[in-house]
Amino acid sequence: MSRGAAGRLLILTTFVLTMASGCASPEEKARKAAETLRSWQATLELLDQEAGRGAVPAVYAEELRSAAEQEIGRGP
Amino acid sequence: MSKLFEIALGIATGLGGFLEAGSLATAAQAGASFGFQLIWAIALGAACIAFLLEMAGRLAAVSRHTLPDAMRERFGIRFFLVPLVTVAIVSFLVLASEIGGVCLALQLVTGVSFRWWALPVALVLWLVLWKGTFGVVEKGAGLLGLVTVSFVVGAFKLHPPLAEVAHGLLPSLPTQNGSQYWFIAVSIIGASVSPYLFYFYSAGAVEDEWDEGYLGINRIVSGLGMTFGAAVAVAALVCAALVLHPLGIKVERYEQVPLILSSPLGLWGFRLFVASLAIGCFGAALEIALQLAYLAAQGLGWRWGKNLKPREAARFSLVYTAALPLAALIIATGMDPLKLTIVSMALTAVSLPVTIVPLLVLMNDPLYLGDRTNGWVSNAAVLIISVVACVVALVAIPLQFLGG
Amino acid sequence: MLLGRDVLDQQVLDAEERPMGKVDGVVLEWHPRAATRVVAVVVGGTTLLWRIHRRLAAWAERRRGGEGRRTVVPWRKVLHVGVDVKVDVEAEASPALYWERWMRERIVRRIPGG
């Protein structure tokens, strides 16, 4: 395969993949947002559990809570 | 120093130095999102880097050239500029990620935002390089890095189903979230096969004046060091798989990750996690900063050496002196360290063909390797690695838009 | 000995094995009826830029007003061509280490511990 042809194939492949990937459907996006929310809720539950038995220091627990707030607040 | 001691030290530092920002972040994400499914990626990445380290060491021992040195000589300045600039940019981003990792560890303990730690951490890194006898520091950082073995302890305490873990060694296709799966797989490979590792290794081999008598040691150290190191990364993945995955927790911030060790090991687990993150990233940052200086010095013919006083190698020393605060600035701007880490791992994967192919050419050139050129096994391994790296590179960029 | 393979881009060491840079260029003397001879090796200056891109080199030379600080080592002073190119020159005295010296005196010495 000549250099030019290989280069064009590469550009075409990248373009096709990008187009195919970039167009996530609204259902897909909503599903992902719900997943993220559940993930952070579960994180906070696990954190409460760990903090409750003294497995993590209070400073850290505070940080994780505010990180969770930031991420949840970010939204879809 | 007896050869046995050298081997043991080499393996220990390889083990201790394996887990840093990239491998930890990607292992945690992989375990949380896909359970044991991506263990094969860690194994493949570790096999890759083991082969590449062995080659870099062999090149240094036989030809007495470091990799940038040999690359410029063999390919001429024009072609050499391409890998030089590529590796420099990618390494710089990874350096910023490692500084970010140290800063995050400090934040986890003190509550003070990572942004404030960036420049102080860069200053400490610089002081260590400027004033230290690096040989000692390097071994020291590697040995301290053995604290990462706590992930192995944590993993066992969680009673992993060993059959399933072993099953994860076989590549499998994802049942959902395909794009994220491959993106993480790509990033794991990028985290394991970082160019700075084999560039740094070749410089060390030349500086330690390795000769053909060291070829055996070279093989053992690179092979076993990376195997054990990979085991630590797999352990981190297993912890995440058993703690986070069942609860549906995806890793999106570094702050979530300590839970994977606090769960099995309690408060000590938290402390060991923070120590592992800080030490692993600190050691890696030292190496990358030096490696950037090596790239410039070895490519342009300056005096260089990790044990030289700065006034004995002024230009060399000023390269890392400039690189450290610049990299720290990226973290100081507040860019999320986890995102930066994952992105720079993916970019590393993209850049692999550019660094691996020239190395492959060199390893088959009798002018440099004499009769120690690559056997068919090494060639096949690197060829497969190059193809994987190439495919991975082609897929990684568009995947950034999906999975990232 | 092949110039491109064995000489160009090789590490240059002075009489005391101090690194002096890389062979950035080679000066050849061409005669219409005799063999082309190697006259000298060149380290530093804009020499390297000419091999990267001539526009880049031309721009640099316009800005510098010349070819920059080059060290031209006559071929008779090349002692040995092997893993490195050893030359019978004193690195510290040559222009090759100009920037190294400059950075050492102006910057490194000013920083404590340098």
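A short reminder: the numbers here are calculations on the coordinates, not readings from a lab. Bear in mind that the values here come from a model prediction, so they are computed numbers and not experimental data. In this analysis, Cβ positions are derived from the backbone assuming ideal geometry, glycine residues included, and neighbour counts consider all displayed protein chains.
Two decimals is fine: what's Rg over Rh for the protein assembly as shown, C-alpha atoms, Kirkwood radius as Rh?
1.00
Give me the one-decimal nm value for the distance between modelled label points at B:A8 and B:V82, 7 Å along each residue's Cα-to-Cβ direction.
4.6
Taking only the Cα atoms of chain C, how large is their convex hull per residue, in Å³?
On the way: hull volume 15.4 nm³, N = 114.
Output value, Cα hull per residue: 135 Å³.
Partner chain Cβ atoms within 10 Å, averaged over the residues of B:70-82 - can you pull that number for me?
Numbers: counts 1, 1, 5, 12, 2, 1, 5, 9, 4, 0, 2, 1, 0.
What the average comes to for B:70-82 is 3.
Output the pairs from B:K131/C:K77; B:K309/C:K77; B:K3/B:K131; B:K250/B:K306; B:K139/B:K339; B:K306/C:K86 with a Cα-Cα distance over 32 Å in this structure; if there are none, say none.
B:K131/C:K77; B:K250/B:K306
Would you list B:C281, B:C239 from fewest to most Cβ contacts within 10 Å? Please report the intermediate quantities before stating the final value.
Values: B:C281 28, B:C239 33.
Ranked by crowding around the Cβ, least crowded first: B:C281, B:C239.
Can you tell me how much longer the chain between B:R115 and B:Q176 gets when fully stretched, taken as 0.36 nm per residue apart minus their C-alpha distance, in nm with one decimal?
Details: separation 61, 0.36 × 61 = 21.96 nm, distance 3.57 nm.
Computed gain between B:R115 and B:Q176 is 18.4 nm.
Counting pairwise Cα distances across region B:162-204, what percent come out greater than 16 angstrom?
Within region B:162-204, distances greater than 16 Å cover 57 percent of Cα pairs.
For region B:115-196, divide the Cα radius of gyration by the Kirkwood radius and give the resulting Rg/Rh value with two decimals. Don't skip to the end; give the middle numbers.
Values: Rg = 19.0 Å, Rh = 17.1 Å.
Here Rg/Rh amounts to 1.11.
Could you check how many percent of all C-alpha pairs in region B:12-165 are farther apart than 19 Å?
On the way: 8303 of 11781 pairs.
Within region B:12-165, distances greater than 19 Å cover 70 percent of Cα pairs.
Neighbour counts of other C-beta atoms within 10 Å: give me B:M345, B:M363 arranged from fewest to most.
Values: B:M345 30, B:M363 22.
Lowest count first: B:M363, B:M345.
Ranked by Cβ crowding within 10 angstrom, fewest neighbours first, how are B:M226, C:M103 ordered?
Numbers: B:M226 26, C:M103 19.
By the 10 Å Cβ count, ascending, the order reads C:M103, B:M226.
Can you work out the FRET efficiency for the pair C:A15 and B:A166, with r the C-beta to C-beta distance and R0 = 56 Å, to the nearest 0.05? Provide the component values of the computation, followed by the final result.
Values: r = 61 Å, r/R0 = 1.09.
For C:A15 and B:A166, the calculated efficiency is 0.35.
In whole Hz and in residue order, list the ³J(HN,Hα) couplings for region A:43-60 that follow from phi through the Karplus curve 6.51 cos²θ - 1.76 cosθ + 1.60, θ = phi - 60°; x for Gly and Pro.
After applying 6.51 cos²θ - 1.76 cosθ + 1.60, I find 4, 5, 5, 4, 4, 4, 4, 5, 5, x, 9, x, 7, 9, x, 5, 4, 5 Hz.
At 0.36 nm per residue, and after removing the present C-alpha to C-alpha distance, how many nm does the segment from B:V377 to B:L127 gain when stretched out fully? It would help to have the intermediate numbers written out before the result.
Details: separation 250, 0.36 × 250 = 90.00 nm, distance 4.30 nm.
Length gained between B:V377 and B:L127: 85.7 nm.
Can you give me the angle between helix B:134-144 and the longest principal axis of chain B, using Cα atoms only, in degrees from 0 to 90, rounded to the nearest 10?
Approximately 20 degrees, to the nearest 10.
Restricting the count to DSSP beta bridges whose residues both fall in the protein assembly as shown, what percent are antiparallel, rounded to a multiple of 5? Don't skip to the end; give the middle numbers.
Numbers: 17 of 19 bridges.
Bridges in the protein assembly as shown that DSSP calls antiparallel: roughly 90 percent.
May I ask for the Rg/Rh ratio of region B:3-402, computed from Cα atoms with Rh as the Kirkwood radius, given to two decimals? Write out the running numbers ahead of the final one.
Working: Rg = 19.7 Å, Rh = 20.8 Å.
When Rh is taken as the Kirkwood radius, the ratio is 0.95.
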